[in-house]
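Before any comments, here is the structure.
Coordinate-derived values only; no laboratory data. The shown structure was predicted, so the numbers you read here are calculated from the model rather than taken from an experiment. Cβ: placed from backbone, ideal geometry, glycine included. Neighbour counts: every protein chain shown.
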Amino acid sequence: MAKLVTKFNPIPIFIGGTGRSGTTIVGDLLNEHPEIRTSLPTEIKFLANPGGLLDFTFSRHKNIDEPQNKVSILNYRTYRKRKRKDREQFSEFLDLVWSKWWEIDAPPPHGRGLTSGITKLKLERLLNRLRKNYRRDRVKAANQFMLGLISNQDTAGEEKYWVETTPLNIANATRIIRVIPNAKFINMMRDPRDVISSLLTKNWGPNTALEGIEWIEKRLTNGYKCLSAIPDSQQITIKLEDLVIDKREETYLQLLEFLGIEDSPKMKNFFNSKMTIAAVSSGRWKNEVADPIFDQKYSEMIERLKSIGIATYGN
C-alpha cells in the first residue's frame, strides 16, 4: 500500500498572472535550483480553477472572512439540508479531479495532468482523508490535503520550496493564503498587448483583440485586488521584459533575494541560455493585431487601470 509522506513540508510558491505572461518559464527556471521543486504537472489546476479545491472550500460564503453559522443538530431539517449540500459539493469536486484534472490530453504545462506527478493510490488516500475531515473544518482539511499532495508527489525530496504555475493563482491569492498561510506569490506581468496577441492563437480565451482588452483588464483588476491583501514579504511582481530583456541581472537578483536563496550554476545557466529575447516575442502585437481602434481602446483601459492604482504598460 502506498504510504503517505508528511515529514517534509516545503513552502509553496504560487506563480500566476494574466496567462501567457511567463509563468511557465519562470517555474522552469526555479526548478533548476537545488532548493526548489516545481510541481508535476507544473499547473495542478484543481486548486484555483473553477470548481476546484478553493471553490469547494469557500463556496459556502460569499465573503470568505465571514464565518459559517453553526447549525444545531436539533434543527434537523436545516442540518440535513446542509449535510446533503456538503456531500454534493464534495462529489462535484471529486468528479472534476478524476474526469478533468487527473489525465489531460495536452502537452506540458497542461498535460498529462495529476497522473504525471503522483500515484493514483496516493491521491485516492489524500482524497479519502479530505472527505473524512472537511465537515469539521474545511480550511484545515484543504490545508492538509495540499500539504499532503506536495509531500507525496513522485519527485518530492527535502527542497525548501515547491512551485506551482496556474495563472489564476494571483486572482485567488486571498483564498490560497487562507489555506496555506506561509505561501509566497510571484505575480508575472507582460505587456498586455503581447498577451492578447498570444491569446488570439489559442482555442481558449478571447476571439478578437478588443475582447482581449476586456479579458485582460478583468484579470489585472482581480489580481491587483487580491495582492493588495497579501503581505509585502510574501509577494513579488516581475515584468517578463525586465527579467529577460531590460533589467536582466537586477530582476534575477531580486527574485533570488525574495526567496532568500543563493544563486546556483544550473539555474544561472538556464537563465542565460533559455530566457532569451527571442523567447519573449516582445512587441509581437505590432504585427499581429490589426484592429484600427485597438490602440485607442488599449489607452482607455490603461487610464481606467491607473485610476484605481494599477500600474501597467503604457503606449
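Applied to segment 202-207, the Karplus parametrisation 6.51 cos²θ - 1.76 cosθ + 1.60 on θ = phi - 60° returns per-residue 3J(HN,Hα) values of 9, 8, 9, x, x, 9 Hz, with x for Gly and Pro. Can you give me the angle between helix 248-259 and the longest principal axis of the chain, using Cα atoms only, in degrees from 0 to 90, rounded to the nearest 10? Roughly 20 degrees between the two axes. Annotation: amide H-H contacts under 5 Å for Ile44 (H modelled 1.01 Å from N, sequence separation of 5 or more, or interchain): Thr165, Thr166. The H on the amide N of Ile118, modeled in the peptide plane, is under 5 Å from the matching H of Asp154, each at least 5 residues off or on a different chain.
If R0 is taken as 41 Å, the Cβ-Cβ distance between Ser273 and Arg131 corresponds to a FRET efficiency of 0.35. Each Lys and Arg Cβ is given +1 and each Asp and Glu Cβ -1; about its Cα centre, the chain then shows a dipole of about 2220 debye. Partners of Lys297 within straight-line reach, counting lysines whose Cα lies under 24 Å from its Cα and excluding those fewer than 8 residues away in the same chain: Lys202, Lys218, Lys225, Lys239, Lys286, Lys306. The phi torsions of segment 226-234, fed into the Karplus equation with coefficients 6.51, -1.76 and 1.60 and a -60° offset, translate into couplings of 5, 5, 4, 9, 9, x, 4, 5, 10 Hz, rounded to whole numbers, with Gly and Pro shown as x. Legend: ranking of residues Glu124, Glu217, Glu250 from fewest to most surrounding C-beta atoms inside 10 Å; resulting order Glu250, Glu124, Glu217. Between Glu303 and Arg84, the contour length at 0.36 nm per residue exceeds the Cα-Cα span by 74.1 nm. Under 5 Å from the amide H of Arg37 lie the amide H atoms of Tyr161, Trp162, Val163, each residue being 5 or more positions distant or on a separate chain, with H modelled from the backbone and absent for Pro and chain starts. Output the 0 to 90 degree angle, nearest 10, between the alpha-carbon long axis of helix 138-152 and the longest principal axis computed from the alpha carbons of the chain. Once rounded, the angle reads 70 degrees. Residue by residue, segment 92-103 carries 3J(HN,Hα) couplings of 5, 5, 4, 4, 5, 4, 7, 8, 10, 10, 5, 10 Hz when phi is fed to the Karplus relation 6.51 cos²θ - 1.76 cosθ + 1.60 (θ = phi - 60°); x denotes Gly or Pro. Each label point was placed 7 Å from the Cα along the Cα-to-Cβ direction; for Ala290 and Ile245 their separation is 2.3 nm.
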